[in-house]
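The values are calculated or read from the model by the stated rules, or taken from the named source; none is laboratory data. Source: prediction; values computed, not measured. Note: ideal-geometry Cβ built from the backbone for every residue, glycine included; neighbour counts use all protein chains shown. Surface accessibility is based on the protein's heavy atoms, side chains included, excluding ligands, DNA and RNA. Shrake-Rupley method; radii C 1.70, N 1.55, O 1.52, S 1.80 Å.
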Amino acid sequence: MTGPRVLFLGGTGVLSSACARELAATDCELTVLTRGRDTRRPIPESVRTLHADVRDDRAVRAALGDETFDVVVNFIGYHPDDVTADIARFNGRTGQYVFISTASVYARPAPRLPVDESAARRAGAFDYPRLKLECEETLEHAYRREGFPAAVVRPAHVYDEQVLPLLAGWTVIDRWRRARPAVVHGDGTSLWNLMHARDFARALTGVLGDDRITGTSLHITSDEVLTWDTIHETLARAAGAEPLLVHRSSEDIGREIDWMGPVLTEDFRHSLLFDNSKLTSLLPRFSPGTPFRRGAAEILRWFDADPSRRRTDEDLDAAFERLAEV
């Protein structure tokens, strides 16, 4: 006999690919629905794969037919229209619908630390958390009014070996290897949370189908506390470079690099620590197994294995150079 039937909407991203690999090692019958265009993180061969654009309702319905699932997980819902469509598609066809949101919906600066799932939510002016929060509100309404079995899961900042968890990406590593400084927002001491995707996957897999999260929210985050200086220094050392740092205000950086401004001022500049007691109560034996020191080493090995992966941005490099000279 097979285990629970699970459907992933999305399966090749940082989170969804790690979760697909984790779930593929269990007795679950996993189906992944993707557009089939991204091959950077292959879906395990044992996983059933269907192809359709989740924003094409006719294509999704044709791909799924009249199938039912014990759990549906949406990794690629970014607009309330996305979850509204899912409510119509899956109402009566799944025992649980898990929406992958973001911890960026919590109010910044946090009224109290550490943040638990009851903390104030306020999206601010940054579109990504604003739209994720609207998705959450749409699902909360559907659960309360219609009994739609929605659960909200909030990751914080998740990475894997293919992701440098810095806004400027490889350009920062390249600058260090040329003995040029990286620019860090503020004074570098604000506290941040990074979690490896495989740790997130272990936790998510453990709570899928658990009725205790239906109708509620749960954040899955690391207990490792890092400053932004520590994050930069750890990556520099993994790159075999001197961690040269220059500190500038989020506003100054935003004036030079306009797209960074909202992310830094609305999100990264604020310290955020999480209370993971709800996750611990659900999964008493779970603990993240990848400290960032190990994760950083994996990142550098992956990028250094192929020169084509090491892409720099000349405009960012020039902007950092101007900021470093102020």
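A few notes on this one:
- ARG48 meets each of the listed conditions (1) among the basic types (Lys, Arg); (2) in contact (Cβ under 8 Å) with a residue 24 or more places away in the chain; (3) over 24 Å from ARG145 (Cβ atoms); (4) open to solvent by 50 Å² or more (accessible area, probe 1.4 Å) apart from (2).
- Per the listing ALA305, ALA296, ALA318, the residue uniquely small (Gly, Ala, Ser) and open to solvent by less than 30 Å² (accessible area, probe 1.4 Å) is ALA296.
- Scope the stretch 59-78; condition surrounded by fewer than 19 Cβ atoms within 10 Å (Cβ to Cβ) and within 21 Å of GLY147 (Cα to Cα); matching residues: ASP66, GLU67, THR68, ASP70
- Checked against (1) over 27 Å from TYR106 (Cβ atoms); (2) touching a strand residue (DSSP E or B) at 6+ places or on another chain (Cβ under 6 Å); (3) surrounded by 17 or more Cβ atoms within 10 Å (Cβ to Cβ), ALA324 passes all but condition (3).
- So LEU244, is it open to solvent by 30 Å² or more (accessible area, probe 1.4 Å), in contact (Cβ under 8 Å) with a residue 60 or more places away in the chain, out of contact with any His (no Cβ under 7 Å at 6 or more places or on another chain) and within 19 Å of ALA103 (Cα to Cα): no
- Given (1) open to solvent by 50 Å² or more (accessible area, probe 1.4 Å); (2) of a type in the set (Asp, Glu); (3) over 23 Å from the mean Cα position of the chain (by Cα), number of the condition ASP53 does not satisfy: (3)
- Counting only strands (runs of 3 or more DSSP E) that sit completely within the stretch 17-85, those holding 1 or more residues that are more than 28 Å from GLY215 (Cα to Cα) correspond to 48-51.
- Every residue from the stretch 232-271 that is among the hydrophobic types (A, V, I, L, M, F, W, C) and in a strand (DSSP E or B): LEU245, VAL246
- Filtered residue count, the stretch 1-16, keeping only those that are touching a helix residue (DSSP H, G or I) at 6+ places or on another chain (Cβ under 9 Å) and either assigned to a strand (DSSP E or B) or open to solvent by 40 Å² or more (accessible area, probe 1.4 Å) (or both): 4
- A residue that is surrounded by fewer than 23 Cβ atoms within 10 Å (Cβ to Cβ), modelled with pLDDT under 95 and either of a type outside the set (Gly, Ala, Ser) or part of a loop (DSSP other than H, G, I, E, B) (or both) occurs somewhere in the stretch 208-223.
- Test: residue in the stretch 137-149 that is more than 23 Å from TRP192 (Cα to Cα), outside any helix (DSSP H, G or I) and touching a residue at least 24 places away in the same chain (Cβ under 8 Å): yes
- Residues of the stretch 124-167 satisfying the condition of being within 17 Å of SER104 (Cβ to Cβ), open to solvent by 10 Å² or more (accessible area, probe 1.4 Å) and of a type in the set (Phe, Trp, Tyr): PHE126, TYR128
- Of all the residues in the stretch 86-96, those that are closer than 23 Å to GLY206 by Cα, without any contact (Cβ under 8 Å) to a residue 60 or more places away in the chain and either of a type outside the set (A, V, I, L, M, F, W, C) or not in a helix (DSSP H, G or I) (or both) number 1.
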